[in-house]
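A short write-up of the structure that comes next.
The values are calculated or read from the model by the stated rules, or taken from the named source; none is laboratory data. Only a predicted model underlies this, so the values are computations on that prediction, with no experimental measurement involved. Neighbour counts are summed over all protein chains in view; Cβ atoms, including those assigned to glycine, are modelled from backbone coordinates with ideal geometry. Just so you know, the surface numbers come from the protein's heavy atoms only, side chains and all, with ligands and any DNA or RNA stripped out. Shrake-Rupley method; radii C 1.70, N 1.55, O 1.52, S 1.80 Å.
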Amino acid sequence: MSPNSSCEWDEIHCSDCGEFLETRQAFDERHTHSFLIETCLKSRAMAREMGIRA
């Protein structure tokens with residue numbers, strides 16, 4: 001992995017065998033917290049606290 005890279009199309013390779021794993025953009029998308037998911041979970045928790053069944 002190249003941590004100093006800033007290009008989303010940069011490739012991430014295994015440090016042991018050199019095999020291509022994914023691009024920097026794909027890695028970032030998988031590890032970025034989703035605002036939509038967070039909002040959904042908070043809304044569901046609030047509804048539960050208010051006694052609303054979803």
Inside the stretch 17-54, the number of residues satisfying the requirement of being on the phi > 0 side of the Ramachandran plot and at pLDDT below 85 is 1
With the first residue restricted to the stretch 26-54 and required to be more than 30 Å from TRP9 (Cβ to Cβ) and open to solvent by 100 Å² or more (accessible area, probe 1.4 Å), and the second required to be in a helix (DSSP H, G or I) and hydrophobic (A, V, I, L, M, F, W, C), Cβ contacts under 6 Å at 6 or more apart or on different chains are ALA54/ALA47
Considering residues that are exposed (fewer than 10 other Cβ atoms within 10 Å of the Cβ) and either under 8 Å from the mean Cα position of the chain (by Cα) or part of a helix (DSSP H, G or I) (or both), the number found within the stretch 14-25 is 0
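Looking at the structure I just gave you, is SER6 surrounded by 10 or more Cβ atoms within 10 Å (Cβ to Cβ), part of a loop (DSSP other than H, G, I, E, B) and either among the aromatic types (Phe, Trp, Tyr) or modelled with pLDDT under 80 (or both)? Steps first, please.
Working: surrounded by 10 or more Cβ atoms within 10 Å (Cβ to Cβ): no; part of a loop (DSSP other than H, G, I, E, B): yes; either among the aromatic types (Phe, Trp, Tyr) or modelled with pLDDT under 80 (or both): yes.
For SER6, the condition - surrounded by 10 or more Cβ atoms within 10 Å (Cβ to Cβ), part of a loop (DSSP other than H, G, I, E, B) and either among the aromatic types (Phe, Trp, Tyr) or modelled with pLDDT under 80 (or both) - is not met.
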